[in-house]
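Please read the structure below before turning to the comments.
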Amino acid sequence: MSGIIRFLILILAVLSAPALAAQTPQPPLRLGVITLNHPLMMYRQYLPFTDYITGLSGIPVELELAKDYASIIADLLNGKIDIAILGGLSYVEARESSADVTPLCAVLSRDHTPTSRTVIFTVKGRSDLNVLADLKGKSFAFASLHSTAGYLHPLCHLGNRGIAKQDFGETKNLRTHDAVIRSVLRGAYDAGAVSESTFREFAGDGLKVLAVTEPHPGFVLAARRGNIPEIDRLKRTLLDMDYASPDIRARSAKWSPLLRNGFAPVSDADYDPIREMRNCAARFGYRR
């Protein structure tokens, strides 16, 4: 091969390199969510959301389902996922495991605040259960050990009102809030504690409210680490979305109820109340 031909091949290779690089697909950001319902339902509720924000931001977002609270924390820390929707306590636990874990935006609830509440409940037929003091000696279902609304906050709330964990006849931590509701409905436990949003889904099934807590910091979208351009761009996209617009209102009707109200700026300090609540709950039986 002559020197001229070699030179021309080299020039073509140099000129084509940027074009080839531009065609290289961008790796997706892997979004982790806890599987709180049947996986098919989870995909139906979250894929329309990830598809929409992918198109809006230009950042491909891929859904990853985690089986429970502990798994999603581990997946975030070991790099299986890049970002995750976490409850307040799960976020605090992840942050304590790695200072690189970064809050991106708070998830707004139905009242358009970055908060949630706990509902302590029984079934309507229980005439012997009307106030919190009636729970002493009864069986009680909590959600996961990592749940803010389903375990941490109710322990603190009940304890401050004279009912520590050891005052129940029996307690059990179930995997999901839905499982707590169903266990009380079928009579496996006398009462239980779940998030207000979950209780609202089942409110027509013959449930009776015994107490509703004050608000606590709610869900947060967190990243495994900060200062990543693609994640920063996705964060800006979420914060800039106008949930009052007819287009997003129509689209969000197909999304998980958790995602239908928008996002707000957030900082790590916003979750200090969770840290304080954990100290409170520790006095009344909370253990990790």
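The values are calculated or read from the model by the stated rules, or taken from the named source; none is laboratory data. All values derive from a computational prediction rather than experimental measurement. Cβ atoms come from the backbone with ideal geometry, glycine included; neighbour counts cover every protein chain shown.
Might you check whether a residue that is within 28 Å of TYR243 (Cα to Cα) and under 11 Å from the mean Cα position of the chain (by Cα) occurs anywhere in the range 109-124? No, every residue in the range 109-124 fails to be within 28 Å of TYR243 (Cα to Cα) and under 11 Å from the mean Cα position of the chain (by Cα). One residue alone among ALA211, ALA222 is under 19 Å from SER90 (Cα atoms) and assigned to a strand (DSSP E or B), and that residue is ALA222. Here GLY226, GLY262 are screened, and the one residue that is buried (at least 18 other Cβ atoms within 10 Å of the Cβ), closer than 24 Å to GLU62 by Cβ, touching a residue at least 12 places away in the same chain (Cβ under 8 Å) and out of contact with any Gly (no Cβ under 7 Å at 6 or more places or on another chain) is GLY262.
Sort out which residues of the range 167-181 are modelled with pLDDT of 95 or more and in a helix (DSSP H, G or I), and write them in order of number. Within the range 167-181, ASP167, VAL180, ILE181 meet the criteria. Within the set THR148, THR113, the sole residue that is closer than 21 Å to GLY32 by Cβ and of a type in the set (Val, Ile, Thr) turns out to be THR148.
Filter the range 42-80 down to the residues that are among the hydrophobic types (A, V, I, L, M, F, W, C), closer than 19 Å to SER144 by Cβ and in a helix (DSSP H, G or I) and list them by number.
Of the range 42-80, the ones among the hydrophobic types (A, V, I, L, M, F, W, C) are 42, 47, 49, 53, 56, 59, 61, 63, 65-66, 70, 72-74, 76-77.
If we keep only those that are closer than 19 Å to SER144 by Cβ too, we end up with 42, 65-66, 70, 72-74, 76-77.
Passing the criteria: MET42, ALA70, ILE72, ILE73, ALA74, LEU76, LEU77.
Mind checking which residues of the range 180-210 are more than 19 Å from the chain's Cα centre (by Cα) and either at positive phi or of a type outside the set (A, V, I, L, M) (or both)?
First pass over the range 180-210, keeping only residues more than 19 Å from the chain's Cα centre (by Cα): 182-192, 202-210.
Hits for the range 180-210 are ARG182, SER183, ARG186, GLY187, TYR189, ASP190, GLY192, PHE202, GLY204, ASP205, GLY206, LYS208.
Out of ILE53, ILE34, ILE72, ILE83, which single residue is at pLDDT below 95 and not assigned by TED's automatic domain parsing to the domain that holds THR176? Spell out how you get there, then give the answer.
Working: ILE53 fails: at pLDDT below 95; ILE72 fails: at pLDDT below 95; ILE83 fails: at pLDDT below 95.
Testing whether each residue is at pLDDT below 95 and not assigned by TED's automatic domain parsing to the domain that holds THR176 leaves just ILE34.
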